[in-house]
Amino acid sequence: MALKIFVFISLVLAIIFYFLPIDKIKKDLKKEDIALFIFENPVMYSLDENMVTKKIVAKQAVRYETRDEMYYGDITLNNNNIAKNFKSENIKADFIVKKGAIYNLKNNVKYKRDDFIKIDTKEMIYDDLNKIAKNSSPFKAEYYAHKYNGENLYLESEKNIINSKNTHFEIDIEKRKGKDDKK
């Protein structure tokens, strides 16, 4: 009798497991994002026919299927447009996520264009194709020697447009007077 019950239970379990879908279990395992490559202290260059257009240095870079992550990244974008009056732009952040041409920068973000524009903020989104930087958090900026603070930054590099909300702009008149007096 016990043998008949054992065979019957084994048959029922075999039928249940035969019709149980295995694809769902495999799909759940695929949802985990596994790193494809991990680079320690990488230096990456982008070149065109004339020059190095971009240099990226990081402590660690992790390549996933849909994105790249960089820790303590430093991105230097060299100007290849002769009509523009700057040499390079530099963006630094503690954590950078790149999806396509969009960089999401977080924690201790610093943007610098040569020596005349400096921006410090907690987070920033930079579109490398359109050359647009924007954020939704407070920032502190410097334009030459003048202070510029606000929220919701929008910086378009190609057209030299800077917009923000709740803006406070301090012009250093003393330094300006000193330059005018020397002329």
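Across region 116-133, coupling constants 3J(HN,Hα) worked out from phi with the 6.51/-1.76/1.60 Karplus curve, θ = phi - 60°, read 10, 10, 9, 10, 10, 7, 8, 8, 7, 10, 10, 9, 6, 6, 8, 6, 10, 10 Hz, and Gly and Pro carry x. Taking the chain as a Gaussian network, where each spring joins two C-alpha atoms under 10 Å apart, which residue of 48, 114, 128 fluctuates the most? The residue that fluctuates most here is 48. Dipole size of region 37-182 about its Cα centre, with +1 on Lys/Arg Cβ and -1 on Asp/Glu Cβ: approximately 220 debye, rounded to the nearest 20. Note on residue 44/residue 137: beta-carbon distance plugged into 1/(1 + (r/R0)^6) with R0 of 30 Å gives a FRET efficiency of 0.65. Note on the chain: with a GNM built from Cα contacts shorter than 10 Å, the maximum mean-square fluctuation among 76, 66, 167 falls on 66.
Largest first and in whole Å, give the semi-axes of the chain's equivalent ellipsoid, each being the square root of 5 times a Cα gyration tensor eigenvalue.
Numbers: eigenvalues 619, 74, 33 Å².
Its equivalent ellipsoid spans semi-axes of 56, 19, 13 Å.
Between residue 4 and residue 116, the modelled label-to-label distance comes to 9.7 nm, taking each label 7 Å out from Cα in the direction of the beta carbon.
Comparing mean-square fluctuations of 111, 126, 18 from a GNM of the chain with C-alpha springs under 10 Å, the top value falls on 18.
Can you give the translational diffusion coefficient of region 61-152 in µm²/s, computed by Stokes-Einstein from the Kirkwood radius over Cα pairs at 25 °C and 0.890 mPa s?
Details: Rh = 13.7 Å.
Roughly 179 µm²/s, to the nearest whole number.
Peptides 89-96, 141-148 ranked from most to least packed by the mean count of surrounding Cβ atoms within 10 Å: 89-96, 141-148. Which FRET efficiency, nearest 0.05, do residue 34 and residue 13 yield, Cβ-Cβ r, R0 30 Å? Result of the calculation: an efficiency of 0.40. One chain, two ends: residue 127 and residue 167. Fully extended at 0.36 nm per residue, the span grows by 12.1 nm beyond their Cα-Cα distance. Summing charges over neighbours of residue 44, with a neighbour being any other residue whose Cβ is under 10 Å away from its Cβ, gives +1 when K and R count +1 and D and E count -1. Available extension along the chain between residue 158 and residue 20 is 43.9 nm, counting 0.36 nm per residue and deducting the alpha carbon span.
Enumerate by residue number the trypsin sites (Lys or Arg not before Pro) in region 50-81 meeting two conditions: DSSP loop (anything except H, G, I, E, B), and at most 14 other Cβ atoms within 10 Å of the site's Cβ.
Values: sites: 54, 55, 59, 63, 67; in loops: 59, 67.
Filter output for region 50-81: 59, 67.
Bear in mind these aren't lab numbers, they're just calculated from the coordinates by the rules spelled out. Since the structure is predicted, the reported quantities are computational estimates derived from the model, not experimental observations. So basically every Cβ, Gly included, is an ideal-geometry build from the backbone, and we count neighbours across all protein chains shown.
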